[in-house]
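Since the structure comes first, as structure tokens, the remarks are kept for the end.
The values are calculated or read from the model by the stated rules, or taken from the named source; none is laboratory data. None of these values were measured; they are calculated from a predicted model. For neighbour counting, all protein chains shown are included, and Cβ atoms are generated from backbone atoms with ideal geometry for every residue, glycine included.
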Amino acid sequence: EKAQRVAKAIRKQTGEVRDRWERLNAHASSWQQQVDKALEKLQDLRSAMDQTDLRLAEAEDTKAGWQPVGDLLIDSLQDHIEKTTAFREEIMPLKQDVRVVNELSSQLAPLDVQLSSNTSRQLDDLNMRWKLLQVAVEERLKQLQEAHRDFGPSSQHFLSTSVQLPWQRAVSQNKVPYYINHQTQTTCWDHPKMTELFQTLGDLNNVRFSAYRTAMKIRRLQKALCLDLLDLNVAQNTFEQHKLTQNTQQLCVPDVINCLTTIYDGLEQNHKDLVNVPLCVDMCLNWLLNVYDTGRSGKIPVLSMKIGLLSLSKGHLEEKYKYLFRQVAGPADTCDQRQLAQLLRDAIQIPRQLGEVAAFGGSNIDPSVRSCFQHITNKVELEPRQFVDWMRLEPQSMVWLPVLHRVAAAETAKHQAKCNICKECPIVGFRYRSLKHFNYDVCQSCFFSGRTAKGHKLNYPMVEYCTPTTSGEDMRDFTKVLKNKFRSKKYFAKHPRLGYLPVQTVLEGDNMETPVTLISMCPEQYELSQSPQLSHDDTHSRIEQYASRVGTDGEVEWLSTDGQQLCYRKH
């Protein structure tokens with residue numbers, strides 16, 4: 001019985017030992033699993049930390065190579081902005097790497113694993129380095145953008161050198177520039193040089209004939225803006241480069257500056273001694289605002305800027321007509337009355353800004369539009385060739401443009417002749433030869449001021465030369481003078497020879513297009529190809545027909561160009 005009790009106790013203790021052993025094994029197995037899991041997590045954490053540390057070090061090396069923003073060239077700011085933006089995108093995966101490291105670290109706490117102080121410091125260091133890298137990138141990008149805004153091409157900062165003390169260039173809220181005179185404590189919209197230029201244009205007000213007066217003013221303006229150096233195709237390529245294809249688009253001042261900067265940077269490469277980029281850009285911007293944004297709204301229509309720049313660009317006259325037409329033509333390379341009106345309306349603003357618009361029909365361009373479409377027998381669409389044919393007739397609203405080309409052709413011409421009034425010899429510029437008197441020549445200064453000598457009258461026929469005469473032209477003029485010697489005053493009154501094709505006018509309110517449209521025989525370098533619809537003889541036949549329509553009322557001012565008299569009717 002005692003043995004049974006002992007055996008029973010042993011069996012009981014054996015069961016307890018077995019249970020405790022099983023529990024111990026289970027606990028040991030669980031602990032082993034926990035240790036294995038913790039070890040795996042620690043290994044993953046260490047691997048992730050090492051990988052993140054390596055990537056951070058590479059990014060920090062790149063950051064260490066950055067030049068201070070203040071040391072960068074202004075022209076390179078945009079490039080650095082793009083590179084920094086790309087770098088910010090490149091380091092974005094680091095954000096995920098740091099997040100993974102932090103998640104792995106947080107997964108060790110439930111496993112009752114405490115990181116060593118060294119590992120904890122490394123983890124905190126990774127987080128701090130990532131935050132500092134982010135801050136550094138954002139701060140540099142901010143500095144670059146501010147520098148580009150304040151000093152880049154669109155900032156207008158580079159234009160501050162266009163004025164000298166006591167003047168200072170300032171910019172209004174809508175980016176329109178204005179100028180401060182610290183000496184007089186006054187402000188104005190016009191650049192000081194533009195003010196000086198327009199004061200000098202007053203010297204030309206003594207030119208009696210409006211088309212020449214206006215053309216000479218525009219020529220002086222053209223040279224001051226260095227647009228006489230700008231080829232038509234270069235201007236057109238610049239418009240395309242800046243994607244200026246939507247004529248209704250309104251350009252803000254920075255956009256205009258960007259386009260002008262491209263133009264003048266190109267001109268400076270070929271004309272370093274003539275082109276001062278900041279001054280030219282600022283002056284041309286000033287002129288465009290004066291012509292097309294008198295209210296200083298800070299917006300200029302794309303079409304207006306293109307018409308203005310092309311009108312004053314360098315090139316063959318007929319090519320210029322084609323370029324201007326192309327700006328308003330539709331996909332079929334034709335334009336309707338509305339599109340032609342847009343072209344003429346923008347073009348007439350150029351003489352309007354000079355105070356000369358009244359001589360060219362005023363701001364009402366409807367009669368000119370009708371004249372053009374009547375010329376093509378009232379068709380709906382106008383073709384480029386038809387537009388050029390009409391422009392050859394020098395319509396009143398655009399006559400200043402071909403005269404501008406003649407002024408440019410004549411300004412350096414030297415004629416081996418002496419002015420019978422002021423005795424200038426040789427005559428420089430336009431030369432006017434009488435077809436009534438032998439050896440009677442007048443320089444452009446005397447002719448434009450209306451001075452005469454030897455009993456010569458302003459209404460006597462004269463021929464204008466833009467270039468030196470040839471022996472053939474001298475003989476032709478001698479023959480004409482000889483014929484005119486035997487003609488009476490009644491003959492000249494009865495047979496007025498006009499150098500223009502008068503246009504039927506229509507009274508529209510207070511505006512009327514007056515019949516002063518000119519046809520000129522241009523010098524060779526500006527000669528236009530013969531129109532297939534209107535030959536040389538046909539032109540003069542029509543001139544003779546229309547001449548009979550001109551009454552004797554009002555004072556008539558006579559001009560002539562290369563053998564054809566020009567007549568302005570004064571109202």
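Okay, here's what the table says:
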{"read-out": "When residues of region 96-118 are limited to those that are in contact with a Lys or Arg (Cβ under 8 Å, 6 or more places away or on another chain) and under 17 Å from residue 49 (Cβ atoms), the one modelled with the lowest pLDDT", "value": "113"}
{"read-out": "Residue pairs meeting the criteria (Cβ under 6 Å; at least 6 apart or on separate chains; first polar (S, T, N, Q), in region 289-303; second surrounded by fewer than 21 Cβ atoms within 10 Å (Cβ to Cβ))", "value": "290/353"}
{"read-out": "Residue in region 449-468 that is in contact with a helix residue (DSSP H, G or I) (Cβ under 6 Å, 6 or more places away or on another chain), modelled with pLDDT of 80 or more, assigned to a helix (DSSP H, G or I) and surrounded by fewer than 17 Cβ atoms within 10 Å (Cβ to Cβ) present", "value": "yes"}
{"read-out": "In region 265-294, the residues that are in contact with a Cys (Cβ under 7 Å, 6 or more places away or on another chain) and not in a helix (DSSP H, G or I)", "value": "274, 275"}
{"read-out": "Qualifying residue in region 72-94 (condition: within 25 Å of residue 40 (Cα to Cα) and either out of contact with any Pro (no Cβ under 9 Å at 6 or more places or on another chain) or not in a helix (DSSP H, G or I) (or both))", "value": "yes"}
{"read-out": "Residue in region 282-302 that is out of contact with any helix residue (DSSP H, G or I) (no Cβ under 9 Å at 6 or more places or on another chain) and assigned by TED's automatic domain parsing to the domain that holds residue 386 present", "value": "yes"}
{"read-out": "Residue that is touching a strand residue (DSSP E or B) at 6+ places or on another chain (Cβ under 9 Å) and modelled with pLDDT of 80 or more, where the choices are 144, 159", "value": "159"}
{"read-out": "Count of region 359-385 residues which are part of a helix (DSSP H, G or I) and touching a residue at least 40 places away in the same chain (Cβ under 8 Å)", "value": "9"}
{"read-out": "Test for residue 41: is it in contact (Cβ under 8 Å) with a residue 24 or more places away in the chain and under 30 Å from residue 145 (Cα atoms)", "value": "no"}
{"read-out": "Number of the exception - residue 169 against (1) within 29 Å of residue 331 (Cα to Cα); (2) in contact with a Pro (Cβ under 8 Å, 6 or more places away or on another chain); (3) not polar (S, T, N, Q)", "value": "(1)"}
{"read-out": "Sole exception among (1) more than 26 Å from the chain's Cα centre (by Cα); (2) within 21 Å of residue 202 (Cα to Cα); (3) in a loop (DSSP other than H, G, I, E, B) for residue 355, by number", "value": "(1)"}
{"read-out": "Residue match in region 157-180 (condition: surrounded by 15 or more Cβ atoms within 10 Å (Cβ to Cβ) and farther than 22 Å from residue 293 by Cβ)", "value": "no"}
{"read-out": "All positions within region 398-413 that are touching a helix residue (DSSP H, G or I) at 6+ places or on another chain (Cβ under 9 Å) and more than 17 Å from residue 312 (Cβ to Cβ)", "value": "410"}
{"read-out": "Unique residue being outside any loop (DSSP other than H, G, I, E, B) and farther than 18 Å from residue 325 by Cα when the list is 408, 417", "value": "408"}
{"read-out": "Count - residues of region 336-377 that are of a type in the set (Asp, Glu), touching a Gly at 6+ places or on another chain (Cβ under 9 Å) and over 20 Å from residue 312 (Cβ atoms)", "value": "1"}
{"read-out": "Residue in region 241-251 that is within 30 Å of residue 396 (Cβ to Cβ) and without any contact (Cβ under 8 Å) to a residue 40 or more places away in the chain present", "value": "no"}
{"read-out": "Selection status of residue 115, out of contact with any Cys (no Cβ under 6 Å at 6 or more places or on another chain), outside any helix (DSSP H, G or I) and in the same structural domain as residue 145 (by TED's automatic domain parsing)", "value": "yes"}
{"read-out": "Some residue of region 387-397 being under 17 Å from residue 207 (Cβ atoms) and surrounded by 15 or more Cβ atoms within 10 Å (Cβ to Cβ)", "value": "no"}
{"read-out": "Number of the exception - residue 434 against (1) within 29 Å of residue 321 (Cβ to Cβ); (2) in contact (Cβ under 8 Å) with a residue 40 or more places away in the chain", "value": "(1)"}
{"read-out": "Matching residues in region 412-448 - criterion: being at pLDDT 85 or above and either assigned by TED's automatic domain parsing to the domain that holds residue 218 or on the phi > 0 side of the Ramachandran plot (or both)", "value": "423, 429"}
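Conditions (1) of a type outside the set (Gly, Ala, Ser); (2) outside the structural domain of residue 114 (by TED's automatic domain parsing), marked per residue:
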{"site": "4", "(1), (2)": "yes, yes"}
{"site": "9", "(1), (2)": "no, yes"}
{"site": "14", "(1), (2)": "yes, yes"}
{"site": "19", "(1), (2)": "yes, yes"}
{"site": "22", "(1), (2)": "yes, yes"}
{"site": "32", "(1), (2)": "yes, no"}
{"site": "35", "(1), (2)": "yes, no"}
